[in-house]
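Working notes, beginning with the structure itself.
Every number here is computed from the coordinates shown, using simple stated rules; none is lab data. Just so you know, these numbers come straight off a predicted model, no measurement behind them. Neighbour counts run over all protein chains shown; Cβ positions are idealised from the backbone, glycine included.
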Amino acid sequence: MRRDALSGEDRARAAEVIAARGFPLSVGGQRVSGFMPIRTEINPLPLMRRGAEEGASLALPIIRGRGQPLDMHEWSLDAPLEKRQWGIREPAFDSKVVYPDIVLTPLAAFDRRGYRIGYGAGYFDMTLNELRARKSVIAIGLAFACQEVETVPIEPHDARLDFVLTERDVIDCREA
């Protein structure tokens with residue numbers, strides 16, 4: 001995977017560049033759900049911190065189980081996290097379930113149409129589809145520029161991203 005070839009310093013710098021640029025829309029008063037990075041995923045915490053500074057409330061996912069959407073739980077930057085499935089750090093089970101307005105989404109590869117490849121379990125696709133059945137939700141993919149591909153193969157259940165943020169670009173996929 002291309003991002004695996006990036007040094008830790010390059011990955012950290014990319015996350016800081018994205019955070020310095022900020023969100024492509026106003027997040028004040030919005031609920032922003034992020035994720036805790038695993039492996040060599042880009043770290044969303046600098047951008048989440050910026051969102052909190054701009055008045056957003058935060059959330060993180062908890063894995064319900066295989067084949068099920070994620071539950072988004074209220075979370076603050078100083079709240080403790082617990083290591084669970086695959087070593088992913090998640091909020092406490094007793095934290096409040098929330099329905100975010102903006103979902104930051106990890107990915108392995110993306111295209112400019114707003115399609116992404118994850119790790120294959122479909123958690124974020126199921127979650128975005130479930131949330132979008134309830135309300136309007138903006139999905140923002142976070143990635144390194146090297147993760148862009150010409151075309152991602154798609155299936156009917158795949159949920160499109162509205163934006164992809166990389167250290168080089170703000171890609172508005174809504175126009176694709």
* Percent RCO, i.e. relative contact order, over the range 1-99, from Cα pairs under 8 Å lying at least 6 residues apart -> 22 percent
* Cα-based Kirkwood hydrodynamic radius, the range 41-122, one decimal, Å -> 14.1 Å
* Asked: Once phi is turned into θ = phi - 60°, what whole-Hz ³J(HN,Hα) does the Karplus curve with 6.51, -1.76 and 1.60 give for every residue of the range 89-101, x standing for Gly and Pro?
  -> 7, 10, x, 4, 4, 8, 6, 5, 6, 10, 10, x, 8
* Asked: Based on the Cβ-Cβ distance of Glu150 and Ala5, what FRET efficiency does E = 1/(1 + (r/R0)^6) give at R0 = 25 Å, to the nearest 0.05?
  -> 0.85
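Could you pull out the chymotrypsin sites (Phe, Trp or Tyr not before Pro) across the range 19-102 that fall in loop regions by DSSP (anything but H, G, I, E, B) with no more than 12 other Cβ atoms inside 10 Å?
Details: sites: Phe35, Trp75, Trp86, Phe93; in loops: Phe35, Phe93.
Answer by residue number: Phe93.
Relative contact order for the range 33-176: what percent, with Cα pairs under 8 Å and sequence separation of 6 or more?
Contact order relative to length: 22 percent.
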* To do: Starting from the range 1-65, pick out the trypsin sites (Lys or Arg not before Pro) whose DSSP state is loop and whose Cβ has at most 12 other Cβ atoms within 10 Å.
  => Arg39
* Asked: At each listed q (0.10, 0.17, 0.19, 0.20 Å⁻¹), what is the log10 of I(q)/I(0) that the Debye formula gives for the range 23-176 modelled as equal alpha-carbon point scatterers?
  -> -0.31, -0.98, -1.26, -1.41
* **Along principal axes, Cα extents of the range 1-67, largest first, whole Å** => 37, 35, 15
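Taking DSSP loops as anything outside H, G, I, E and B, show the longest stretch in the chain free of GluC sites (Glu not before Pro) there with at most 16 other beta carbons within 10 Å.
That would be 55-149.
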